[in-house]
């Protein structure tokens with residue numbers, strides 16, 4: 001939930017003041033906000049108002065998604081579960097969002113996400129995938145293992161497809 005008249009930075013400062021422990025100093029909270037802005041690639045838009053889609057111009061769809069992740073990342077959770085984080089985004093912004101999540105996973109966070117029909121570029125970014133069919137697990141492993149597995153069972157995947 002966003003207040004459209006706030007900038008991305010103001011939103012994160014507000015979130016930090018409300019959600020972070022009282023034992024943290026104001027300075028520590030601001031330092032955490034600065035770190036999250038850097039980690040989630042929000043530096044260029046940190047002073048842009050969030051806006052209200054269809055009413056007040058502000059952050060792009062991808063920037064809003066990253067700001068939502070940043071709001072959650074402030075408290076440094078060990079696990080992020082993201083339901084359709086690329087839904088409604090163009091391929092460039094979807095790639096940007098997944099790259100940010102990948103960066104968080106490389107910093108030791110566990111990131112689980114659901115995604116339907118990722119592009120081949122997105123597919124290659126995943127460390128592990130769980131593919132389901134009719135509510136059952138069809139495959140669990142790396143993207144490369146998936147290609148090999150499906151080739152082995154006669155369902156070869158053409159180059160640059162997934």
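All of the numbers you see were taken from the coordinates with simple rules; none came from a lab. Treat the numbers as computed from the prediction; the structure is a model and nothing was measured. Note that each Cβ is placed from the backbone with ideal geometry, even for glycine, and that neighbours are counted across all protein chains shown.
Here is how the numbers come out for the structure above:
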item	result
The chain: angle of helix 26-39 to the longest principal axis, Cα-based, in degrees nearest 10	30
Distance in nm between pseudo-label sites at residue 7 and residue 157 (7 Å out along the Cβ direction from Cα)	4.2
Estimated [θ] at 222 nm from DSSP helical runs (n ≥ 4, -39500 (n - 2.57)) normalised by residues in the chain, nearest 500	-13500 deg cm²/dmol
Spin-label model distance (nm) - residue 107 vs residue 76, 7 Å beyond Cα toward Cβ	1.1
Percentage relative contact order, the chain, counting C-alpha pairs under 8 Å, at least six apart	17
Sites residue 57 and residue 127 - FRET efficiency at Förster radius 25 Å, r taken between beta-carbons, to 0.05	0.10
Order of 157, 45 under a 10 Å beta carbon neighbour criterion, fewest first	157, 45
Dimensionless Rg ratio for region 1-82, taking C-alpha atoms and the 2.2 N^0.38 Å reference	1.05
q = 0.10, 0.17 Å⁻¹, the chain: log10 I(q)/I(0) [Debye, one scatterer per Cα]	-0.44, -1.02
